[in-house]
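*Asks:* Take this structure first; my questions come after.
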Amino acid sequence: MIVARLPEELEPARRAVAIGTFDGVHIGHRRVIDAARAAGPRSAVVTFDPHPRTILGNGVELLTTTQRRLELFEAEGVEDVLLLHFDAALAAVPSEVFADSVLRAIGADVVAAGDGFRFGLGRSGDLDLLVRLGFDVRRVPLVENVSSSHVRRLLQAGDVAPAARLLGRPAEVEGTVVPGDRRGVTLGFPTANLAVPADLLVPANGIYAGEALGHRAAISIGTNPHFGGSERRVEAHLLDFEGDLYGERLVVSLWERLRDEAVFGSEAELVAAIAADVRRTRAALQPG
């Protein structure tokens, strides 16, 4: 998959373009991408970084990093991505100018987007405008109750199984593995401690079953209240794994929320609870 940041970086070609922010690349987003891929010409995605809402004055907790979004596009068979830097200057581009300088500039014959897609200065551009400008527009109806905002609400409540149904795959959290307190080693359950990007959504505190690097993983999200912690952390114990992950990027899938964080009466009770978490992790089923 070719990733460009300016239209002129893409080789001239007739293209069928899916356009949108696509945070989370959920099942509704994939319908838009599928519509572009089915159209015939070379498939492409036009998307934005950072998320437009952050520039337009509305904070947003992201479901996916830009790197992960690109990986998910590639998994969907997308051939080209135009990753536009979204800033105040781009937000001020009139919609007709955007259509000409971006879409027509990359050879877009077909444009696929969700029915409510808006673009250009004051979000004045829509799919009707693209039709008037001569593009072959593929309107993709919104999937009922499927949106990035809905996925965020589910994950903020720790509801990873219903979130997976909307995403079409397990929910994820990712970060770089950094040194922690090494309590897990002492307890017999070493963990990878993740430094998560500040703008990425971290699901509700609790203990989860999931997967990372092809290994099942018991994942703790929270402040580790048994040890009086205050810093919110994501720690993953990879089952049957040996190796040094420090400095590595780790994408952790969340399959099932097992329980709340807790304070235990003794270290022995804590170890017994973790052992039970590991047993349940071995038995967990991947959602989606």
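A short reminder: the numbers here are calculations on the coordinates, not readings from a lab. None of the values given here were measured: they were computed from a predicted structure. Using ideal geometry, Cβ is built from the backbone for each residue, glycine included, and neighbour counts are taken over all protein chains shown.
*Asks:* Do the sum for the chain: with -39,500 (n - 2.57) for every DSSP H run of n ≥ 4, divided by all residues, what is the mean residue ellipticity at 222 nm, to the nearest 500 deg cm²/dmol? Display every interim value, and only then the final one.
*Replies:* Details: 10 runs with 78 residues, N = 288.
That calculation yields -7000 deg cm²/dmol at 222 nm.
*Asks:* 5 Å is the cut-off here: which amide hydrogens, built 1.01 Å from N in the peptide plane, fall below it relative to LEU62, excluding neighbours closer than 5 in sequence?
*Replies:* LEU200, LEU201
*Asks:* Show me the trypsin sites (Lys or Arg not before Pro) within the stretch 183-249 that DSSP assigns to loop and that have at most 16 other Cβ atoms within 10 Å of their Cβ.
*Replies:* Numbers: sites: ARG183, ARG216, ARG232, ARG233, ARG249; in loops: ARG232.
Answer by residue number: ARG232.
*Asks:* Show me, for the stretch 205-222, the HN-Hα J-couplings you get by feeding each phi into the Karplus relation (A = 6.51, B = -1.76, C = 1.60, θ = phi - 60°), rounded to Hz, glycine and proline as x.
*Replies:* 4, x, 10, 10, 9, x, 8, 7, 6, x, 10, 4, 9, 9, 10, 10, 10, x
*Asks:* Mind jotting down the distance between the C-alpha centroids of the stretch 11-81 and the stretch 139-212, whole Å?
*Replies:* 21
*Asks:* Among the DSSP beta bridges whose two residues both lie in the chain, what percent are antiparallel, rounded to the nearest 5?
*Replies:* Working: 31 of 55 bridges.
Beta bridges within the chain, antiparallel portion: roughly 55 percent.
*Asks:* Right, here's the next one. Among GLY28, GLY57, GLY184, which one moves the most in a GNM of the chain with springs linking Cα atoms closer than 10 Å?
*Replies:* Taking springs between Cα atoms under 10 Å, the residue moving most is GLY57.
*Asks:* So what J values fall out for the stretch 184-199 if you push phi through Karplus, 6.51 cos²θ - 1.76 cosθ + 1.60 with θ = phi - 60°, rounded to Hz, Gly and Pro as x?
*Replies:* Each residue of the stretch 184-199 in turn: x, 4, 4, 7, x, 9, x, 10, 8, 8, 9, 8, 8, x, 4, 9 Hz.
*Asks:* Continuing with the same structure: What area, in nm² and to one decimal, does the C-alpha convex hull of the stretch 45-89 cast on average over all directions?
*Replies:* Numbers: hull surface 13.1 nm².
Computed as one quarter of the Cα hull surface, the answer is 3.3 nm².
*Asks:* Across all directions of projection, what mean area in square nanometres is found for the Cα convex hull of the stretch 2-140? Mind dumping the intermediate values first?
*Replies:* On the way: hull surface 29.1 nm².
The directionally averaged projection comes out at 7.3 nm².
*Asks:* If you average the sequence gap of Cα pairs under 8 Å that are 6 or more apart and divide by the length of the stretch 2-140, what percent do you get for the contact order?
*Replies:* Working: 244 pairs, mean separation 46.1, N = 139.
Once normalised by length, the contact order is 33 percent.
*Asks:* Now, a different point. Whole-Hz ³J(HN,Hα) for each residue in the stretch 246-254, computed from phi via Karplus 6.51 cos²θ - 1.76 cosθ + 1.60 with θ = phi - 60°, x for glycine and proline: what do you get?
*Replies:* Here the 3J(HN,Hα) series is 4, x, 8, 6, 10, 9, 10, 8, 10 Hz.
*Asks:* Turning to a different aspect of this structure: Name the shape class, rounded, prolate or oblate, that the alpha-carbon gyration tensor gives for the stretch 171-283, where a ≥ b ≥ c are the square roots of its eigenvalues, rounded holds for a/c under 1.5, and otherwise prolate holds if a/b is larger than b/c and oblate otherwise.
*Replies:* Cα axes put the stretch 171-283 in the rounded bin.
*Asks:* Based on DSSP, what percent of beta bridges with both residues in the stretch 2-140 are antiparallel, to the nearest 5? Let's see the in-between values first.
*Replies:* Working: 1 of 24 bridges.
Of all bridge pairs located within the stretch 2-140, approximately 5 percent are antiparallel.
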